[in-house]
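Chemist: This is the structure I have questions about; it appears just below.
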Amino acid sequence: MKHLIIYAHPNPESLNSFLKQTLAEHLWDNGHEVVIRDLYQLKFNPVLSLEDMQGQRMGKVSDDVQKEQEYISWAHHITFIYPIWWTGMPAIMKGFIDRVFSYGFAYRYDQGIQKGLLTGKQTTIINTHGKSKADYEDIGMDKAMSLTSDKGIFTYCGLEINQHFFFDKADRPAPETIENWASGIVSTYKPE
């Protein structure tokens, strides 16, 4: 199976980096093809420009966006790995979505009815955050984050969500907690 990992964290020593590497090694060990797009390492430009917007209306995208769209088209399963900052995704990931999930590629409207164009692809989202699960549940932030990302982006574009992991109190987790998280992640990916 062809797996694309879209990753956003600036620190190569982060928990997110460990989870990304653990998943990639598991997939490689089980015979899958894997491509990792590290947005910080790529210095991906997250700014949706007027030129981008005008190009999208004409079905044209810049070379950097086209390259990312080719990876998405290639993949059977797309995994997004990023921390939750200020109750949302890092700006570089949001900018990736803004630019790459463009009209005519990720979605379109047919006679006023929205249609996701990334159907037939699985997606898994892996998020870490510092707050506890209970803190987010108390204020409804858990539902808000799922609504804005899962429904507002991923399923809107036709992706089928395999799993959305929220790993809480991730600023100082115990080693055994990290191992449990990593085991939980890899167990949801089937061998080739």
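Chemist: Radius of gyration and Dmax for the chain's Cα atoms, expressed in Å?
Modeler: So, for the chain, Rg and Dmax equal 16.7, 53 Å respectively.
Chemist: Assign one of three labels to region 48-95, namely rounded, prolate or oblate, based on the Cα gyration tensor with a ≥ b ≥ c the square roots of its eigenvalues; rounded applies when a/c is under 1.5, prolate when it is not and a/b is larger than b/c, and oblate otherwise.
Modeler: oblate
Chemist: Okay, moving on. Return a whole-number percent for the relative contact order of the chain, with Cα pairs under 8 Å and 6 or more residues apart as the contact set. Walk me through the intermediate numbers first.
Modeler: Values: 289 pairs, mean separation 47.0, N = 192.
Result for the chain is 24 percent.
Chemist: For residue 2, which aspartates and glutamates qualify as cross-link partners when the Cα separation must be under 18 Å and same-chain residues fewer than eight apart are set aside?
Modeler: Reachable aspartates and glutamates: 25, 29, 33, 38, 68, 70, 160, 192.
Chemist: Additional query: Quantify, in whole percent, the carbon and sulfur part of the accessible surface of region 1-57 (1.4 Å probe; protein heavy atoms only).
Modeler: Carbon-and-sulfur percentage of accessible area, whole number: 51.
Chemist: Counting pairwise Cα distances across region 1-98, what percent come out greater than 15 angstrom?
Modeler: That tail contains 64 percent of the Cα-Cα pairs.
Chemist: For region 1-56, state the semi-axes of the equivalent ellipsoid (square roots of 5 times the eigenvalues of the alpha-carbon gyration tensor), sorted largest first and rounded to whole angstrom.
Modeler: Details: eigenvalues 153, 52, 7 Å².
Here the semi-axes work out to 28, 16, 6 Å.
Chemist: Ranked highest first by the average count of other Cβ atoms within 10 Å around their residues, in what order do 114-127, 174-187 fall?
Modeler: Values: 114-127: 17.3, 174-187: 13.4.
My ranking of the peptides, most packed first, is 114-127, 174-187.
Chemist: May I ask you to give the solvent-accessible area per residue for the chain, in square angstrom, as obtained with a 1.4 angstrom probe?
Modeler: Using a 1.4 Å probe on heavy atoms only, each residue of the chain averages 54 Å².
Chemist: Hey, what number do you get for the chain at 222 nm if only DSSP H runs of n ≥ 4 count, each worth -39500 (n - 2.57), divided across all residues, to the nearest 500?
Modeler: Helix-only estimate at 222 nm: -10500 deg cm²/dmol.
Chemist: Taking 20 °C and 1.002 mPa s as the conditions, I'd like the Stokes-Einstein D for region 102-192 in µm²/s, using the Kirkwood hydrodynamic radius from alpha carbon pairs.
Modeler: In µm²/s, the coefficient rounds to 142.
Chemist: Top to bottom by accessible area (1.4 Å), largest first, where do 37, 172 land?
Modeler: The most accessible residue leads, giving 172, 37.
Chemist: All other residues with a Cβ under 9 Å from the Cβ of residue 46 taken together, and with Lys, Arg as +1 and Asp, Glu as -1, what is their net charge? Display every interim value, and only then the final one.
Modeler: Values: positive: 94, 99; negative: 98.
Net charge around residue 46: +1.
Chemist: Also, I was wondering about something else. What is the total of Lys pairs in region 72-187 with C-alpha atoms under 16 Å apart, excluding same-chain pairs fewer than 8 positions apart? Don't skip to the answer; put the middle values down first.
Modeler: Numbers: 94/151; 115/151; 121/151; 131/143; 131/169; 133/143; 133/169; 143/151.
Pairs that pass both the separation and distance tests number 8.
The values are calculated or read from the model by the stated rules, or taken from the named source; none is laboratory data. Note that the coordinates shown come from a computational prediction; the quantities given were computed from them, not determined experimentally. Backbone-built Cβ (ideal geometry, glycine too); neighbour counts: all protein chains shown. Surface accessibility is based on the protein's heavy atoms, side chains included, excluding ligands, DNA and RNA. Shrake-Rupley method; radii C 1.70, N 1.55, O 1.52, S 1.80 Å.
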